[in-house]
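Enquirer: Pasting a structure below so you can have a look.
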Amino acid sequence: MLRKFMIAAASVAVMAPSATAFAQGTADQAKAMLMKAVAAVKADEPKAITMFNNGEGGFLEGDLYVFCINLSTGKLVALGNPNAKQLLGRDERTLKDSTGKAFGEEIFDAMQKPEGQITEVRGYMFPKPGANKTPVSKVSLVTKASNDLGCGVGYYPK
């Protein structure tokens with residue numbers, strides 16, 4: 001009986017999707033990832049940008065990921081969302097969501113505030129990482145990470 005239970009439990013574990021693959025992040029988790037990202041930028045900016053783009057080092061967890069903008073050019077230099085890689089190199093200030101909201105300009109402006117000040121940008125539509133590319137409501141926490149780099153981490157409220 002115990003052997004049958006163990007086999008059944010193992011089968012369910014193998015067939016169950018990874019919890020982190022579909023996990024919905026919270027505001028607190030997004031803020032923690034943002035603070036970790038800022039620390040990574042301060043330690044080694046080029047390495048951090050590579051890690052953000054590749055979703056390595058804990059910078060892509062469920063639907064949470066890091067994005068960064070060059071504050072001189074406005075261009076996206078890091079974007080951990082595999083469903084939005086086509087935006088890398090684009091001027092953030094020109095981005096609008098599916099409803100026409102100019103969220104990119106709002107994010108860029110929020111990143112101009114003093115280093116360490118976190119601003120919440122909410123009420124725009126953007127696709128989550130994963131198979132479904134349909135835009136859904138998103139909130140991003142953003143901050144200036146260095147003299148010329150702003151970073152953010154967004155979450156998708158229920």
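Throughout, read-outs are computed from the coordinates displayed, never taken from laboratory work. Everything numeric in this text was worked out from a predicted model, so none of it was measured. Don't worry about glycine lacking a Cβ; one is built from the backbone with ideal geometry, like all the others, and counts go over all protein chains shown.
Enquirer: If the reach is capped at under 19 angstrom between alpha carbons, list the aspartates and glutamates near K128, excluding any in the same chain fewer than eight residues apart.
Expert: D28, E56, E61, D63, E92, D97, E120
Enquirer: Let a ≥ b ≥ c be the square roots of the eigenvalues of the Cα gyration tensor of segment 105-145; is it rounded (a/c under 1.5), or, if not, prolate (a/b larger than b/c) or oblate?
Expert: Cα axes put segment 105-145 in the prolate bin.
Enquirer: Next question, about the same structure. Using alpha carbons only, how many degrees (0 to 90, rounded to 10) separate the axis of helix 45-54 from the longest principal axis of the chain?
Expert: Rounded to the nearest ten degrees, it is 50.
Enquirer: Looking at segment 30-117, which GluC sites (Glu not before Pro) are DSSP coil and have at most 14 other C-beta atoms within 10 Å of their C-beta?
Expert: E56, E115
Enquirer: Continuing with this model, one more query. Counting each DSSP H run of 4 or more residues in the chain as -39500 (n - 2.57), what helix-only mean residue ellipticity at 222 nm follows after dividing by all residues, to the nearest 500 deg cm²/dmol?
Expert: -10000 deg cm²/dmol
Enquirer: Does segment 20-155 classify as rounded, prolate or oblate by the C-alpha gyration tensor (a ≥ b ≥ c root eigenvalues; a/c under 1.5 gives rounded; else a/b over b/c gives prolate, otherwise oblate)?
Expert: Note, shape of segment 20-155 comes out rounded.
Enquirer: In addition: Pairing the Cα long axis of helix 2-15 with the longest principal axis of the chain, what angle in degrees results, from 0 to 90 and rounded to the nearest 10?
Expert: Between the helix axis and the principal axis of the chain, the angle is about 30 degrees.
Enquirer: Helix 27-43 versus the longest principal axis of the chain: what is the Cα-based angle in degrees, 0 to 90, to the nearest 10?
Expert: It works out to around 60 degrees.
Enquirer: Where nothing but the Cβ of Lys and Arg (+1) and of Asp and Glu (-1) is charged, how large is the charge dipole of the chain around its Cα centre, in debye to the nearest 20?
Expert: Roughly 540 debye, rounded to the nearest 20.
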